[in-house]
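What follows is a single structure, written as structure tokens, with notes after it.
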Amino acid sequence: DVVLTQTPSTLSATIGQSVSISCRSSQSLLDSAGNTYLYWYLQRPGQSPQLLIYLVSNLGSGVPNRFSGSGSGTDFTLKISGVEAEDLGVYYCMQATHAPWTFGGGTKLELK
Amino acid sequence: QVQLQQSGAELAKPGSSVKISCKASGYTFTSYYISWIKQTTGQGLEYIGYINTGSGGTNYNEKFKGKATLTVDKSSSTAFMQLSSLTPDDSAVYYCARWGWYFDYWGQGVMVTVSS
């Protein structure tokens, strides 16, 4: 199975600070058709996960543009440009290029 | 609006089975697959599999073959997951999620507790 390693596991930030989360894959997530099925989700406390980014860098519907995704191959990054209080929770990357689909271990974003 | 409404929490004994449901509304049910995801504190999020809501075809994570069975009732726009031969390791929150090249809507989750 593809292993997704997220760093850091915990991130402390102040409101307005910009932060980045890394997601490294044990295999390239580029498929033979040239697609990269890498996603980012946020799970707020007590809630279900919600989509932030799909196919590496595409913003989900209704997601604020302070979120951005980048990367290729095995290295991917989620950036939040100016953390807001509602951004607190656990962030997960996920891949759907290789079966079985797998998730990273999560990065908890908390207030400093 | 799109909603996935899951059934209530389950308390089950080891060796038994449970069947949880995911009722979809607000969109054409057969236009999207439904996937199931397991969440535990120790293992995080694990993909179980998906069902093609139009054809009933399924795709399972090998780890969950024999454990989970996915079915669908198109007449009620409801997807089901049966978990069999339950052990304490099956205690988790189980989510259904709509798949259309990404999980864009999730159910609220069902907590399954396996205990004697």
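None of the figures in this text is laboratory data; all of them are computed from the coordinates on show. None of the values given here were measured: they were computed from a predicted structure. A quick note on method: Cβ atoms are made from the backbone with ideal geometry, for glycine too, and the neighbour counts reach across all protein chains shown.
Computed over segment B:1-80, the percent of Cα pairs more than 22 Å apart is 26. Computed from backbone phi with θ = phi - 60° and the Karplus coefficients 6.51, -1.76 and 1.60, the 3J(HN,Hα) list for segment B:96-108 is 9, 8, 7, 10, x, 6, 6, 7, 9, 9, 10, x, 7 Hz; x is used for glycine and proline.
Relative contact order for chain A: 39 percent, from Cα pairs under 8 Å spaced at least 6 residues apart, divided by residue count. Ordering A:15, A:80, B:34 by the number of other Cβ atoms within 10 Å of each residue's own Cβ, fewest first, gives A:15, A:80, B:34.
For segment A:1-72, a Kirkwood hydrodynamic radius built from all Cα pairs, placed in the Stokes-Einstein relation at 10 °C and 1.306 mPa s, yields a translational diffusion coefficient of 115 µm²/s.
Legend: calculated FRET efficiency, residue B:11 to residue A:79, from the Cβ-Cβ distance at R0 = 45 Å, rounded to 0.05, equals 0.60. Rounded to the nearest 20, the size of the Cβ-charge dipole of the protein assembly as shown about its Cα centre is 220 debye, with Lys and Arg at +1 and Asp and Glu at -1. In percent, rounded to a whole number, the relative contact order of chain B is 36, using alpha-carbon pairs under 8 Å and six or more apart.
With the convex hull of its Cα atoms as the shape, the protein assembly as shown has an orientation-averaged projected area of 12.5 nm². Backbone geometry of segment A:68-73 corresponds, through the Karplus equation with coefficients 6.51, -1.76 and 1.60 at θ = phi - 60°, to 3J(HN,Hα) couplings of 8, x, 8, x, 6, x Hz, x marking Gly and Pro.
Please report the net charge: other residues with Cβ closer than 15 Å to the Cβ of residue B:116, K and R +1, D and E -1. Surrounding charge for residue B:116 is -2.
What the phi angles of segment A:4-9 give under the Karplus curve with 6.51, -1.76 and 1.60, with θ = phi - 60°, is a coupling list of 9, 10, 9, 9, x, 7 Hz, glycine and proline written as x.
Model label sites at residue A:88 and residue A:5, defined 7 Å from Cα along the beta-carbon direction, differ in position by 3.0 nm.
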